[in-house]
Amino acid sequence: MSSGLLEYAWLIPVVPFIAFLIIVFCGHRLRNASAYVAIGGMAGAFLLAFPCFLVMARGAQPISHNFHWITLGNARIDLGYQVDSLTAVMLMVVTFIGSLIFIYSSGYMEGDPGYHRFFAYLSLFACAMLLLVLANNFVMLYAGWEGVGLCSYLLIGFWFEKPSAMRAAKKAFLVTRTGDCGLALGIFLLYSKTGSVSFEPIFSAAREHPHEIVFTIAALLIFFGAVGKSAQFPLHVWLPDAMEGPTPVSALIHAATMVAAGVYLVARSYALFEAGGEHSIALQVVAWIGVITAFMAATIAVAQNDIKRVLAYSTISQLGFMMLGLGVGGYTAGVFHLMTHAFFKALLFLGSGSVIHGFHHEQDMMKMGGLKKVMPYTFATYFIGYLALAGVPPFAGFWSKDEILHHAMMHNFPIFLLGAAAAFLTAFYMTRQMCLVFAGQQRDTHIHAHESPAVMTVPLMVLALFSALIGLVGATGHSFHHFVHFGEEAPAPFSVPVALVSLFVAGAGIGLGWSLYGKKPLARPEDDPLLRLGKLYTFLENKWYFDEVYDKIVIQPLLWITRTLSRFDQKVIDGAVNLVGILTIIFSRLHQLFDLYIVDGMVNLVGIVTRKIGVTGRYLQTGLVQGYLLVVYLGVVVLVVWQLYAAK
Amino acid sequence: MNGFWEQFTFYALAVLVLGSALMVVTLRNIVHCAFFLIMAFLGVAGLFVLLYAEFIAGVQVLIYVGAITVLILFAIMLTQKVLGVRLKQNNTLSPLGVVAGVSFFALVGAITFGSAGNLFGVHGEPTIAPRITTIAESLLGNGSYVLPFEIASLLLLVAMVGAIVIAREKDQ
Amino acid sequence: MITVNHYVLLSAALFAIGIYGVVARRNAVGVLMCVELMLNAVNINMIAFARYVTPARVTGQVFAVFIITVAAAEVAIGLALVINLYRNMNKINVDEVNLMKW
């Protein structure tokens, strides 16, 4: 297979975009067929991306193509696309999982009034995401970045008639936008420093001047953008609320792809983060933020009863793991975890969607239970996803998580401990979820659950297959290392102690969960053993009170400031404007008076004088002919006298 | 004609003319005025004879006394209804009219006497008595007033037509 | 001896009377009569000048002929106007015909 295929990589985002256009303009006529258009677009993108992936896997040289975009003064800005191994991995993840989720959605969204709108958004999202991944410069990356943000907003608020969905969409948009500001500033900074927006010149500059503080600052700013997008502490608050969107959206955008864009961004800009060495400030920040996120989100996930919220916090936690992996130098591990996580978390979300679909859109786990019998396919696939997430070998999650923990231990022991704790909690809350949903007896008997149609279960099976097997890619012979990395870092050896530790951690979590929930499944919601934790449970259930704290320290002051400014506006600025207006009115009144009495007066005076003269002079017109004659005669006399005497 | 008779005739005619003229402008009865106008015209004709202009004198009698006065009398008769003896015949301007007339006479007198009787460079008695053929030659001879003569005839024609048109009773 | 000055003064007096009449008479026919008086005064002057100034060519007499012609025309038109005036407005006093007044 020749690398000439790579030349056509730019077509990959175009295909879903064409699908988007078709659905937007003909959607109301296509109706349910719009799903096929969207699936076709996505599958087309996959078919284009798959050869690229294969070519890259065989060790082809990365390509990068520029084209001239714009010249501003002396600044020439080039845009372009590139395909390297990282891009190839992302392309595969996005297009493959995306295709499966699209297929799944066509069943899940059956009968929704906004059916074609949904697929239009999904196609646009796919386009933006692929653009983001293919970009070889920060400008296009930023465009894709904002595009996926927009689609995320639109899809979270897909059921905008629900106030909660509307609020969630707004929240997601505003919080991620906070991070986007950081990314934009970072791009500006890099541009002002290097005069380019393309990755290659910037990264080579960073490698040449590793101790430039500017690159560290830029790296931190970019990381701030990633924090917003990937829902890292402290900007993670939007992701749980984003579950208001349809479940396939949660799977595609808020588990597999868009949130991973932050991780991708850090991975892509790794040269900047590495600039200060292995223990650079930027990497330290990334690692700590990652591990804090991982741990915090895991603790919150423990105390959630909404099936999707558990997964949402799990996603945050896993994203934290990825950041942690990147931060401790485990570049490959981070990206590897991104990939595996995309598969099994998409699987879990779609599985939860299947549960919700079959459970008549009820998401409270406390009402579920015993669904194993009703939904065998969903249960089986969900179970695989569960094992993968919990970190049970040989499923995907084990390998990647193990690798991350291994790097963490080598770099920073406290981080390793927190990460291990998070892994333990992950295993625990996933076990809790499995038991609550599938084991025992259904607690709310009013709902008649049923299995989902094949169009939904088949993608689940495919994803389950990959979730089970994809970890082996990294496990056997570290081929993934060669594939994704730039080759600077020595491949971390598979360390048995670390593997044992992680195995033990996972086992402990699963064991604890099983002993609490599995052995004797809950009969009533009030029996939840976690309730015995008391205040700690309340603390966790309320998500560490993040929303409340933000409300107090950000939103309220912001509102106060805006209200103050509004008052200032009304009183001072409007006052000034009004004052000008009043002065103008007064002045114009004066002017009017001047006009009325002076100017008009002059004009009228002329008229009046003329009139007076006329009124007076008309009496000369006596109508008496003889009078006129007399006057003529007198004139003649005067003339004659003047001729005779005066003129001589 | 000797000096006395000439002077006597002149002053008599002058008195006749001026007296009649005064009657014309002062009498209330317009018919009386017309008759005094005839007297004035006749006096003027006498003056013309005194000035050796017998032809003009004849024309004067024929046209003025004969034609114009008759015309005036016809006009008076046609407008008889509003003519009345008791009607006031002078308007409010009559004092001014007096002033105008006196001032004119004074002006001409001043001019005449201001030039010490030599206003026209004429002294003494003219000797040539013009004959009627002289007038005819002057009117119709070579290099004379043929063209004005013809124009005057045209003017008379136009005036006649115009008078008829203006005075014609509209029959509708 | 009667000189040209006598005639000039006589005609001036006659003319002055005519002026007075033209200005003062109310009756339109009377006004016309006064105009005739003034024309006669002029004629007296003409004839006197013909006699004393240009006795050979009698230019004055020629002019007198023209004046008489014009006077005849004038009187014809004037009386026609008066009759028309009387017919339309039933009045012949000049000071009463003042439609052109203010």
Check your understanding: Residues C:VAL8, C:VAL53, C:VAL22: which one is surrounded by 24 or more Cβ atoms within 10 Å (Cβ to Cβ) and at the interface with another protein chain (Cβ under 7 Å from one of its Cβ atoms)?
Key -> C:VAL22
Review point. Hey, among A:ARG611, A:ARG618, which residue is within 14 Å of chain C (Cβ to nearest Cβ), touching a Phe, Trp or Tyr at 6+ places or on another chain (Cβ under 9 Å), part of a helix (DSSP H, G or I) and of a type in the set (Lys, Arg)?
Key: A:ARG618
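Residues in the stretch A:96-117: is at least one over 22 Å from A:ILE356 (Cα atoms) and part of a helix (DSSP H, G or I)? Let's see the steps before the verdict.
In the first step, residues of the stretch A:96-117 are kept if they are over 22 Å from A:ILE356 (Cα atoms); the result is A:96.
Those still in the list that are part of a helix (DSSP H, G or I) too: A:96.
Within the stretch A:96-117, one or more residues are over 22 Å from A:ILE356 (Cα atoms) and part of a helix (DSSP H, G or I).
So is A:PRO459 surrounded by 24 or more Cβ atoms within 10 Å (Cβ to Cβ) and at pLDDT 80 or above or not?
yes
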Exercise for review: For C:ALA16, state whether it is outside any loop (DSSP other than H, G, I, E, B), within 14 Å of chain A (Cβ to nearest Cβ), modelled with pLDDT of 90 or more and surrounded by 17 or more Cβ atoms within 10 Å (Cβ to Cβ).
Suggested key: yes
**Study point:** Filter result (β-branched (Val, Ile, Thr) and not in a helix (DSSP H, G or I)) within the stretch A:364-419
**Key:** A:VAL392
Review point. Which pairs have Cβ atoms under 8 Å, sit 6 or more apart or on different chains, and link a residue in the stretch C:63-87 that is facing chain B (nearest Cβ under 7 Å) to one that is outside any helix (DSSP H, G or I) and among the polar types (S, T, N, Q)?
Key: C:VAL82/B:THR79; C:ILE83/B:THR79; C:TYR86/B:THR79
Practice item. State whether one or more residues within the stretch C:30-38 are closer than 23 Å to A:THR622 by Cβ, facing chain B (nearest Cβ under 7 Å) and of a type in the set (Val, Ile, Thr). Key: no
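Only one of A:TYR633, A:TYR545, A:TYR628 is out of contact with any strand residue (DSSP E or B) (no Cβ under 6 Å at 6 or more places or on another chain), without any contact (Cβ under 8 Å) to a residue 60 or more places away in the chain, surrounded by 10 or more Cβ atoms within 10 Å (Cβ to Cβ) and on the phi > 0 side of the Ramachandran plot; which? Before the answer, list the steps.
On the way: A:TYR633 fails: on the phi > 0 side of the Ramachandran plot; A:TYR628 fails: on the phi > 0 side of the Ramachandran plot.
Of the residues listed, the single one that is out of contact with any strand residue (DSSP E or B) (no Cβ under 6 Å at 6 or more places or on another chain), without any contact (Cβ under 8 Å) to a residue 60 or more places away in the chain, surrounded by 10 or more Cβ atoms within 10 Å (Cβ to Cβ) and on the phi > 0 side of the Ramachandran plot is A:TYR545.
Where in the stretch A:233-302 are the helices (runs of 4 or more DSSP H), entirely inside, with at least 1 residues that are touching a Gly at 6+ places or on another chain (Cβ under 6 Å)? Give the steps one after another, and end with the answer.
Values: elements: A:238-241, A:247-251, A:258-268, A:270-274, A:281-302.
Filter on the stretch A:233-302 gives A:247-251, A:281-302.
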Practice item. Tally the residues that are facing chain C (nearest Cβ under 7 Å) and more than 17 Å from the chain's Cα centre (by Cα), restricting the search to the stretch B:24-51. Key: 1
Check your understanding: Got at least one residue in the stretch A:323-333 being in contact (Cβ under 8 Å) with a residue 60 or more places away in the chain, β-branched (Val, Ile, Thr) and closer than 30 Å to A:ALA271 by Cβ?
Key -> yes
Review point. If only one of A:ILE281, A:ILE300 is surrounded by fewer than 24 Cβ atoms within 10 Å (Cβ to Cβ), in contact (Cβ under 8 Å) with a residue 60 or more places away in the chain and on the phi < 0 side of the Ramachandran plot, which one is it?
Key: A:ILE281
Practice item. Would you be able to say whether some residue in the stretch B:2-23 is farther than 29 Å from A:VAL637 by Cα, surrounded by 16 or more Cβ atoms within 10 Å (Cβ to Cβ) and more than 7 Å from chain C (Cβ to nearest Cβ)? Key: yes
Check your understanding: Is at least one residue of the stretch A:98-121 touching a Phe, Trp or Tyr at 6+ places or on another chain (Cβ under 7 Å), surrounded by fewer than 22 Cβ atoms within 10 Å (Cβ to Cβ) and of a type in the set (Gly, Ala, Ser)?
Key -> yes
Review point. Across the stretch B:103-133, what is the number of residues that are at the interface with chain C (Cβ under 7 Å from one of its Cβ atoms) and at pLDDT 80 or above?
Key: 5
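The values are calculated or read from the model by the stated rules, or taken from the named source; none is laboratory data. Everything numeric here is computed off the predicted structure, so don't read it as measured data. When we count neighbours, we look across all protein chains shown, and the Cβ atoms used for this are built from the backbone with ideal geometry, even at glycine.
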